[in-house]
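One structure is given below, encoded as structure tokens.
The values are calculated or read from the model by the stated rules, or taken from the named source; none is laboratory data. Bear in mind that the values here come from a model prediction, so they are computed numbers and not experimental data. We place every Cβ from the backbone using ideal geometry, glycine too, and count neighbours over all the protein chains shown.
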Amino acid sequence: MKSLTLRYSGATVRDLNDIREFLESAILNLGGDENIAGDLVLAANEAVTNSLLHGYGDQPGAVSLCVETEGEDLLVRLLDSAPPFDPTTVPPPDINRPLEERPLGGLGVHMMRQLTDELVYRATDDNRNELTFIKRGVLSPVQ
Amino acid sequence: MEINSWHETGHVPVTILQLKGDLTSEDELVQKAQAAFQDGARNIVLDLSHVPYISSAGLRAIHMVYMLLRSADPVDEEQAARGIARDTYKSPHLKLVKPTKNGLKALSTAGYDIFLDIFDTNPQAVASFK
């Protein structure tokens with residue numbers, strides 16, 4: 001297993017651009033292609049944004065992002081210390097309804113689900129939120 | 001994010017909003033579109049060719065621009081009701097130009113590409129307004 005980690009003790013939305021750049025670079029460095037990087041960056045960006053804006057109430061908060069390989073799978077693990085929130089319990093929107101009948105917003109978790117093969121949430125033993133974005137079978141076996 | 005705007009005339013007057021940078025918040029685009037709308041703009045092209053990423057907040061901004069233009073055209077509502085039932089409806093007032101690969105991914109993931117025409121160039125988009 002290989003991994004690359006970025007940690008902030010007090011991240012804000014101003015750090016999102018750097019976070020996206022880290023994720024893209026780490027994914028490419030660990031053997032993912034540009035398409036996989038695009039999916040995971042979009043998905044993780046939504047989760048980090050939710051954490052910073054809603055979890056921490058737009059105040060600086062601790063955030064850790066780890067890009068890992070597990071065999072042929074590529075994972076992005078997001079850890080924060082915001083109040084517990086499990087996005088996998090959010091009901092999916094109906095994206096086939098016309099735009100005027102849809103509520104504004106509510107697409108962040110949908111993007112997280114659609115752009116990954118698996119989205120896993122758990123509360124850690126030290127009461128942090130851990131959200132893992134998984135792309136299955138995207139790495140060469142020799143990685 | 002930087003947003004440049006200018007006017008072009010095809011069959012009807014069209015306002016081009018050219019976005020540069022990640023579309024990850026709604027305020028700037030919505031404010032720019034509202035200002036254009038108050039100046040009389042009823043047909044808008046969003047040039048997304050220089051937008052590396054579109055987040056859900058960016059999608060919300062596009063949604064708000066769509067609703068803003070829609071609010072000025074009651075006929076569009078009737079056409080939408082008929083067209084949506086036949087899967088043929090596209091917004092007559094809002095068109096998109098050349099989203100990047102990741103931008104298109106966000107648009108299609110949200111299903112926005114079903115209702116919004118996407119063109120390769122601004123002239124093609126301008127010419128499409130009737």
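Structure above, values below:
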| item | result |
| --- | --- |
| Qualifying positions in the stretch A:108-125 - out of contact with any Asp or Glu (no Cβ under 8 Å at 6 or more places or on another chain) and outside any strand (DSSP E or B) | A:His110, A:Arg113, A:Gln114, A:Asp117, A:Asp125 |
| Flag if A:Asn17 is surrounded by 14 or more Cβ atoms within 10 Å (Cβ to Cβ), of a type outside the set (A, V, I, L, M) and free of Cβ contacts under 8 Å to residues at least 12 places away in the same chain | yes |
| Whichever residue in the stretch B:8-34 is β-branched (Val, Ile, Thr) and surrounded by fewer than 19 Cβ atoms within 10 Å (Cβ to Cβ) and, among such residues, is nearest to B:Lys130 (Cα to Cα) | B:Val12 |
| Verdict on A:Leu115 being at pLDDT 95 or above, touching a strand residue (DSSP E or B) at 6+ places or on another chain (Cβ under 6 Å), of a type outside the set (Gly, Ala, Ser) and within 23 Å of B:Gly58 (Cα to Cα) | no |
| Total residues in the stretch A:94-139, condition at the interface with chain B (Cβ under 7 Å from one of its Cβ atoms) and over 16 Å from the mean Cα position of the chain (by Cα) | 7 |
| Single match in A:Ala11, A:Ala37 (criterion: under 18 Å from A:Met111 (Cβ atoms) and at pLDDT 95 or above) | A:Ala37 |
| In the stretch A:112-121, the residues that are among the aliphatic types (A, V, I, L, M), surrounded by 21 or more Cβ atoms within 10 Å (Cβ to Cβ) and touching a Lys or Arg at 6+ places or on another chain (Cβ under 9 Å) | A:Leu115 |
| Within the stretch A:39-61, considering residues that are touching a Leu at 6+ places or on another chain (Cβ under 8 Å) and of a type in the set (Gly, Ala, Ser), the one nearest to B:Ala106 (Cα to Cα) | A:Ala43 |
| Of residues in the stretch B:91-113 being touching a helix residue (DSSP H, G or I) at 6+ places or on another chain (Cβ under 7 Å) and more than 10 Å from chain A (Cβ to nearest Cβ), the one surrounded by the most Cβ atoms within 10 Å (Cβ to Cβ) | B:Lys95 |
| Total residues in the stretch B:35-51, condition buried (at least 23 other Cβ atoms within 10 Å of the Cβ) and out of contact with any strand residue (DSSP E or B) (no Cβ under 7 Å at 6 or more places or on another chain) | 0 |
| Residues of the stretch B:4-28 classified as in contact with a strand residue (DSSP E or B) (Cβ under 8 Å, 6 or more places away or on another chain), assigned to a strand (DSSP E or B) and of a type in the set (Val, Ile, Thr), total | 3 |
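For every residue, the table says whether it meets (1) surrounded by 16 or more Cβ atoms within 10 Å (Cβ to Cβ); (2) in contact with a His (Cβ under 8 Å, 6 or more places away or on another chain).
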site	(1), (2)
A:Gly61	yes, no
A:Asp80	yes, no
A:Leu99	yes, yes
A:Gly108	yes, no
A:Ala123	no, no
A:Asn129	yes, no
